[in-house]
Structures are given as C-alpha cells and as structure tokens.
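Worksheet for the structure shown next.
Nothing in this text is a laboratory measurement; each read-out follows from the coordinates by a stated rule. Worth saying up front: this structure is predicted, and the values here are computed from it rather than measured.
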Amino acid sequence: MTWTDPGATDAVPKIIKRIKLTFHKGTEFDTAALAGCHASDAKILSSGGAVCPKKSRLGGGHTTGIFATGADFQTDVVLFNARGQIIVVVTLNGTPVTEFRDDVGGRTITIQPKLPSGVALKRLQLEIGRHSKGRHTYMRNPPTCPRSHKWTTIAKFTYVDGSRETKRDSSPCRR
C-alpha cells in the first residue's frame, strides 16, 4: 500500500489511527496454522522480536515513514503469529521502535499502529508467506470465484483527525 495526502504540507499523509481490511466473502484466517508467540509486549519490544519462536514468524517487510518536516525514513517490519493476532515489530537501523498487535478474525484484519509522535506512514510493503500445519492454513481464499472473476478487499482507514476513507482492491481469480 502506498498513499499520500496531496493537500498536506510537504505531502505528509494523515496519521492513521486504524485500518480495517475486509477480504472477499469466503476468505478465512486460521492462526492455528503455525506456532504462536506468547511473550509479553515489553519482552517482544525489548528483544526486537527475538523472544518469539522462529516458527511463529509470519512474514515481514518494510515501511516508509515521514516526519511532519517532510523527511522520510525506512523501517524493517517483522510479523509474528499469535492466537487471533499478528504481532508487528518495527525496527529502525536494527533498533526496535514500536510493537503492536493486529486483530485477526474471520475474514478481517484490524490494524491499530502505534507510531511515534509526529510520524505518519507513507508506504507499507509487507508479505505473508504460505503457512499450513495439518488441516490448518493461515489464509484460505474463498472456495469459489464470482462472475466478476475478482476477489475484492476493502480497506477502511480511520485517521487521528477523525476523518475516514475507504479503498477497494481486486485480485483476479479463476472460476
């Protein structure tokens, strides 16, 4: 995901309070598909996620953050699995900056990032690999493809200033 606020000074995006991703009807998430991390938030943050079992690593990637001055920076993100949650660990030059938990349930993921004061997100690039254990699969696509030949994901953004925005994205599928 990439976004900007063209009307803002230095094109600094609004600060995100929450993102709710709702995947196409029939999508299912199952956090029992891989090991979970059971450490406390404080231990996860202080260790940069090293206290979480390697088998609980869900994925990761990078973000581009931006200060109110318009200067941007890159972070590394590691995602760990927990029961009904994704643990997000963000580091800057190898130093842990923040840790928070996304809620996972049914066909939704709700993200409530904990960002340092005066920082907005400009780009989010994450990848979650394939994870299965026995008959459990972390993310299962809908069993059928609609006539449109597209599965639609809806992203609802809520910003700190109280404004809201809804975006839709489609992925092709075969009937």
Seminar exercise, completed: Cα-based Rg and Dmax for segment 115-175, in Å, come out at 16.5, 47
For this session: Please tell me the relative contact order of the chain in percent, rounded to the nearest whole number, where contacts are Cα pairs under 8 Å and at least six residues apart.
Result: 31
Exercise. Which shape class, rounded, prolate or oblate, goes with the chain when its Cα gyration tensor gives a ≥ b ≥ c as root eigenvalues, a/c under 1.5 marks rounded, and past that a/b bigger than b/c marks prolate?
Worked result: oblate
For this session: Rounded to the nearest 500, what is the 222 nm mean residue ellipticity of the chain from helices alone, with -39500 (n - 2.57) per DSSP H run of 4+ residues and division by all residues?
Result: -1000 deg cm²/dmol
